[in-house]
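Only one structure is covered here, and it is reproduced in the block below.
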Amino acid sequence: MADYQGPDCGVMNSSIDFIGDIHGHYDELVVLLKKLGYQEQGGAYRFPGNARTVVFLGDYIDRGSQVRETVNLVRAMRDAGSAVALMGNHEFNALSFWHENGLGGHHIEAIHGGFLREHTFNKVAIHVKTVESYRGRKKEFEEMLDFLKTLPFYLETDLFRAQHACFDLKCAEELKLEGVRSFTDGNFDELIARANDQYNEYDDSLYYPLSLLLKGPELDLPDGLTFRDAEGVLRKRTRIRWWICPKNKNLQELSFQPGVELPPLDVPLEIQNRDFYGENERPVFFGHYWLTGLPELIRDNVCCLDYSVAGYRGDGRLVAYRFDGEQKLDPKKFVSVAAM
Ligand SMILES: [Mn+2]
């Protein structure tokens, strides 16, 4: 951690392999890295001659049974300079879940319970696999949390953008203005409290920019409308396609909740007027969305790499895209491994 130079470290050229959500599926990760031509050396995988770099798109923990092995490999590659590891919503959630409300004097009144996330049944259930993976290794667990604090929220070069869920220019600008690219760019107790403070009307909150980058934009469903997500949790909000012009689009067209069909109802004007990721923007890479089937491009500058390797049906894939700077992405450049 001490030697870490920041999110641009390691990305010295345009030959990058982006890898989607891993969620404790270490065996598939190793197979994928080998398939991409990376070779093990001193506990990390590197591309021969350091000619290529991995960018991990977040969500290393939870769900799978090899969380510890996954985190250790991602961290070893980050430390070796053969990878950049971005933060996912699961990492942000874990840091918040284990952080005492009020630590360092930053107390959020509206949050009940002793931590920045209430320890309710559903929230505990999400982290069970991670805790099991570190059973009897409390110190290592704490070191893992310290590692998660260092993960940058997004990565941007002249050739691409990458983050866990959604690229939003205003959010990126806001974080840039604040000089905050990760939770280690300042006092952690203060930053994590601000990132969880959606109740602050004075708005020095980081809640909005971080939730867009790490979870993507969501839309409240009309009264009474709900659906169950892949884990059976009842949802009153839907994720939306942030790369299409929302003007005059209805709920069915705008919703991006693979496997869930919503009715073609009207969408509030404030959502119809929101910014979106245009067709002429540089390519953007992300995970998060639980896609199924074989990898395909959403658009020639929009590439989601989460194909549910940790999905309950067991038919998911761990997916990479081999990027060489092209501004029109090529569907033949996906490389993937079926869940084992
Ligand atoms: Mn995920």
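Below 8 Å, C-alpha to C-alpha, sequence gap of six or more: please give me the relative contact order for the chain in percent.
On the way: 683 pairs, mean separation 66.9, N = 340.
Here the relative contact order equals 20 percent.
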The answer for the stretch 220-273, accessible area per residue at 1.4 Å probe in Å², is 61 Å²
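Are any of the pairs Lys215/Lys236; Lys34/Lys333; Lys149/Lys176; Lys129/Lys149; Lys170/Lys333; Lys34/Lys332 more than 22 Å apart by Cα-Cα distance, and if so, which?
Working: Lys215/Lys236 15 Å; Lys34/Lys333 16 Å; Lys149/Lys176 18 Å; Lys129/Lys149 20 Å; Lys170/Lys333 30 Å; Lys34/Lys332 18 Å.
Violating the 22 Å limit, Cα to Cα: Lys170/Lys333.
Of the heavy-atom accessible surface of the chain (probe 1.4 angstrom), what whole percent is carbon and sulfur?
Working: 7570 of 15760 Å².
Roughly 48 percent of what the probe reaches on the chain is carbon or sulfur.
Calculate the FRET efficiency for Asp266 and Arg237 from the Cβ-Cβ distance with a Förster distance of 22 Å, rounded to the nearest 0.05.
Details: r = 16 Å, r/R0 = 0.74.
Given R0 = 22 Å and the Cβ-Cβ separation, E is 0.85.
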So what is the calculated 222 nm ellipticity per residue for the chain, using -39500 (n - 2.57) for each DSSP H run with n of 4 or more, over all residues, to the nearest 500 deg cm²/dmol?
-8000 deg cm²/dmol
Everything considered on the Cα gyration tensor (a ≥ b ≥ c; rounded for a/c under 1.5, else prolate if a/b is larger than b/c, else oblate), the chain must be described as rounded
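Could the peptides 84-95, 302-313, 258-269, 37-48 be put in order, highest first, of the mean number of other beta-carbon atoms found within 10 Å of their residues?
Ranked by mean Cβ neighbours within 10 Å, highest first: 84-95, 302-313, 37-48, 258-269.
Local charge sum around Gly105 (other residues, Cβ-Cβ under 13 Å, Lys/Arg +1, Asp/Glu -1)? Could the numbers behind the result be given before it?
Numbers: positive: Arg194; negative: Glu100, Asp189, Glu190.
Once all neighbours under 13 Å are counted, the net charge is -2.
At 1.4 Å probe radius, can you tell me the per residue accessible area of the stretch 32-76 in Å²?
Values: 1620 Å² over 45 residues.
Averaged over the residues of the stretch 32-76, the accessible area is 36 Å².
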Expected unfolding gain across His119-Ala80 under the 0.36 nm per residue rule, minus the alpha-carbon gap, is 10.5 nm
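The values are calculated or read from the model by the stated rules, or taken from the named source; none is laboratory data. Worth saying up front: this structure is predicted, and the values here are computed from it rather than measured. Cβ atoms come from the backbone with ideal geometry, glycine included; neighbour counts cover every protein chain shown. Note: accessible area is taken over every heavy atom of the protein model, side chains too, but ligands, DNA and RNA are not part of it. Shrake-Rupley method; radii C 1.70, N 1.55, O 1.52, S 1.80 Å.
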